[in-house]
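Data first, discussion second: the structure below is written as structure tokens.
Please treat every number below as a calculation from the coordinates, not as lab data. Just so it is clear, the structure is predicted and the values come from calculations on it, not from any experiment. Ideal geometry is used to build each Cβ from the backbone, glycine not excepted, and the neighbour counts take in all protein chains shown.
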């Protein structure tokens, strides 16, 4: 999942996504290529489930 899609999903800005990654709140993205970085959708879904109080 790309940064801008994750930002849309969470209803925040891309800079907020970057800040949450730097602060260790969100899982780190994975570098897929020279110019492509993405978040693992499974990790994001697990993170969302934990935030909702339901461990996946």
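Could you compute Rg(Cα) / (2.2 N^0.38 Å) for the chain, with N its residue count? The value comes to 1.10.
Starting with the fewest neighbours, write out 44, 17 ranked by other beta-carbon atoms found within 10 Å of each beta-carbon.
Starting with the residue having the fewest Cβ neighbours, the order is 44, 17.
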